[in-house]
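Shown next, in structure tokens, is the structure this report addresses.
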Amino acid sequence: MARTRAADYVERRAAIVEAAAQLYARDGFAGASVARLAEALGASKSLIYHYYASKEDILFDVMDSHLRALDEAAAHVMGRDLPAAEKLREIARRFMRLYAGAAARHKVLLNGLGALPPARRDEVVSRQRRLIEAVEGLLVEIQPKLARRPRARRPAAMLFFGMINWTHTWFHEGGPASAADVANLAADITLKGLAGLE
């Protein structure tokens, strides 16, 4: 007979993922054992293994939960009837809110990819590429000259992401600039740079 799932199954997995995100962001994936994760949760290793078959599965869910939130934010913006420049600005705002609210998950996504098994790594990279391609499409809409410069499209999109992706290393809520301020600045720099593209 199949084992029934506990009523709080989803909540317990979410708690494991949140604790793992904090631990992996602080100590790195290699330096954070399941025993230390269990200790952080006030639980046993066997309880964690009841919910996850491996440490790598937990790592994947840390990344996947963050990517799902980014995917949803991008899809919401792309589905709106807005000019491309405003879509870019809104994506920057929404991503910065997510980065500020999930800094640990974002750090793990940026730094822990190499620890995933190849198939899982490919899945994460594929989803990241879709986000990059969505921004590339917006940049071409904003600056049609990029359509004639295919080798510049990916670097332009990566420069945009480069401005916001690493804010987890220096951005702090309550600092001199809000998440929205940083997002608007990144959008302004990108839009004004595109306007002057030769």
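The values are calculated or read from the model by the stated rules, or taken from the named source; none is laboratory data. Please read these numbers as outputs of a predicted model, since none were measured by experiment. Here Cβ is always computed from backbone atoms with ideal geometry, including for glycine, and neighbour counts include all displayed protein chains.
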State all residues of segment 154-169 that are closer than 20 Å to Val108 by Cβ and among the aromatic types (Phe, Trp, Tyr); if no residue qualifies, say none.
Phe161, Trp166
Would a scan of segment 86-104 turn up a residue that is at pLDDT 95 or above and hydroxyl-bearing (Ser, Thr, Tyr)?
no
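Condition check ((1) modelled with pLDDT under 95; (2) closer than 23 Å to Ala103 by Cβ; (3) touching a Cys at 6+ places or on another chain (Cβ under 8 Å)) across all residues:
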| position | (1), (2), (3) |
| --- | --- |
| Arg5 | yes, no, no |
| Glu11 | yes, yes, no |
| Ala19 | no, yes, no |
| Phe29 | yes, yes, no |
| Ala32 | yes, yes, no |
| Leu41 | yes, yes, no |
| Lys45 | yes, no, no |
| Ala73 | no, yes, no |
Could you look through segment 163-191, keep only residues that are farther than 17 Å from Ile142 by Cα and β-branched (Val, Ile, Thr), and pick out the one that is modelled with the lowest pLDDT?
Thr169
Unique residue being touching a helix residue (DSSP H, G or I) at 6+ places or on another chain (Cβ under 8 Å), closer than 16 Å to Leu110 by Cβ, without any contact (Cβ under 8 Å) to a residue 40 or more places away in the chain and of a type outside the set (Lys, Arg) when the list is Ala69, Ala19, Ala30:
Ala69
Among the residues of segment 150-183, how many are surrounded by 13 or more Cβ atoms within 10 Å (Cβ to Cβ), within 20 Å of the chain's Cα centre (by Cα), more than 28 Å from Gln22 (Cα to Cα) and not small (Gly, Ala, Ser)?
1
Filtered residue count, segment 24-35, keeping only those that are loosely packed, with under 14 Cβ neighbours inside 10 Å, assigned to a helix (DSSP H, G or I) and not aliphatic (A, V, I, L, M):
2
Examine segment 43-52 for a residue that is closer than 15 Å to Leu109 by Cβ and of a type outside the set (D, E, K, R), and state whether such a residue exists.
no
